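The structure under discussion appears below in the form of structure tokens.
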Amino acid sequence: MAAQQLPVAADTTRAATDEGVAATQSFGFGKAEILGADGKTHTAYVPLSPVGFAGLLPFYRHPEEIGRFGSEPLNISVDKVQTIKVNELYLEHMVVKGKRLHVLATRVAEGPLELFNYTQTKQVPLAGATQLGGVSVGYLVYPKRHWYLRRQGELVEIARHDFVAQLTPFFQSDPTTVAVLTSPSFITATCWAW
């Protein structure tokens, strides 16, 4: 099937302001093969972002638009995207127990057990920060990571508070890994790693 240009709905042409999108725009853009929720393949230029996307996916239709002064990317709802392949990155719309999560997560490990990550970013104003034209000048970007694991077609979100209990069934055929997961030192270490 030949790649098509990504369609833009009238309501998706505004600038991206969604959490997680603004933080990804500094990575540059790459030519992407996008599989839409409609099953059609599209070509567009999307941010090269290892953190994923929520809400809106910014894109350009043509490479010459990327560097053009005053040219803002178009946007499309992540709900209209099934997968993205751009350079070495593979992103997929997360669907857990039939429910779409409205995020495109990056696959960080593939094989019989696949691991995906979406990093939500929040801007937290710093104490004493000044405002310039209604925009806070001093803020801290706070990442909140969301991890997803898939084995044999089953995708689950791994919760921080239930990390060991959720992962142990995935590794029940490997007693060494289960022993590591349930060891007190591993549990203590992973509590602070997220």
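Okay, here's what the table says:
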| quantity | calculated |
| --- | --- |
| Burial order of peptide ranges 113-125, 163-175 (average beta-carbon count within 10 Å, highest first) | 113-125, 163-175 |
| Surrounding net charge for residue 42, when Lys and Arg each add one and Asp and Glu each subtract one, Cβ distance under 12 Å | +3 |
| For segment 105-119, Karplus couplings with θ = phi - 60° (6.51, -1.76, 1.60), whole Hz, Gly/Pro x | 9, 8, 6, 9, 8, 10, x, x, 10, 9, 10, 10, 9, 10, 10 |
| Under-5 Å amide H pairs with residue 29, H placed in peptide plane, nonlocal only | 48 |
| Built amide H within the under 5 Å cut-off of residue 81, gap 5+ | 37 |
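All of the numbers you see were taken from the coordinates with simple rules; none came from a lab. This one's a predicted model, so the numbers in the text were calculated from it and none came from an experiment. When we count neighbours, we look across all protein chains shown, and the Cβ atoms used for this are built from the backbone with ideal geometry, even at glycine.
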